[in-house]
Amino acid sequence: MPLQLTPLMRKRLTLRAQEMIRRSLTHFPELDGKTITVGYTRKHLGSASIAHRGGVITRLIIRLKVRKLTYQTVGHELTHLVQGLAHGDRSRS
């Protein structure tokens, strides 16, 4: 599963956090084959968003606070992505 890191996350990502993300992704088969952009946040423990263009999902994004990262936070944000994918492309609505 390809991960794309934002420039700030590239600077901040620790081996521990990288391994936590990798291990967590194995529990989300719905995300297999999808590129997930991983960014850094300072304000919250994490956030998730799905970008749409023309009613089609173009980008899956999670932002994580590396310093206080837990498996619960990673799983929580990945769950939001799965929920967004369950709604599918907006063009079909």
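Test of understanding: in a Gaussian network model of the chain with alpha carbons linked when under 10 Å, which of T73, T14, T37 would top the mean-square fluctuation ranking? Comparing T73, T14, T37 in the GNM, the peak value goes to T14.
Among beta bridges identified by DSSP and lying wholly in the chain, the antiparallel ones come to about 50 percent. For L5, the solvent-accessible surface with a 1.4 Å probe is about 50 Å², rounded to the nearest 10. Taking only the Cα atoms of the chain, the ratio Rg/Rh comes out at 0.97, with Rh defined as the Kirkwood radius. Solvent-accessible surface of the chain, taken per residue with a 1.4 Å probe and all protein chains present: 66 Å². With contacts taken as Cα pairs under 8 Å and at least 6 residues apart, the chain reaches a relative contact order of 30 percent.
Close amide-amide hydrogen proximity is noted between L5 and V38, each under 5 Å apart and 5 or more residues distant or on a separate chain (H modeled in the peptide plane; Pro and chain starts excluded).
Of the residues L60, P7, T37, the one whose Cα sits farthest toward the positive end of the charge dipole of the chain, with +1 on the Cβ of Lys and Arg and -1 on the Cβ of Asp and Glu, is P7. In this structure, the amide hydrogen of I57, modeled 1.01 Å from its nitrogen in the peptide plane, lies closer than 5 angstrom to those of R90, counting only residues at least 5 positions away or on a different chain. If only the Cβ of Lys and Arg carry +1 and only the Cβ of Asp and Glu carry -1, the dipole of the chain around its Cα centre is close to 560 debye. Can you pull the percent of the chain's accessible area that's carbon plus sulfur, 1.4 Å probe, other chains left in place? Carbon plus sulfur share of accessible area: 50 percent.
Hey, in the GNM for the chain with a 10 angstrom Cα cutoff, which one of G46, G75, G54 fluctuates hardest? Between G46, G75, G54, it is G54 that shows the largest mean-square fluctuation.
The values are calculated or read from the model by the stated rules, or taken from the named source; none is laboratory data. Since this is a predicted model, take the numbers as computed values, not measurements. Heads up, the Cβs are rebuilt from the backbone with ideal geometry, glycines too, and the neighbour counts pull from every protein chain shown. Heavy atoms of the whole protein, side chains included, go into the accessibility calculation; ligands, DNA and RNA do not. Shrake-Rupley method; radii C 1.70, N 1.55, O 1.52, S 1.80 Å.
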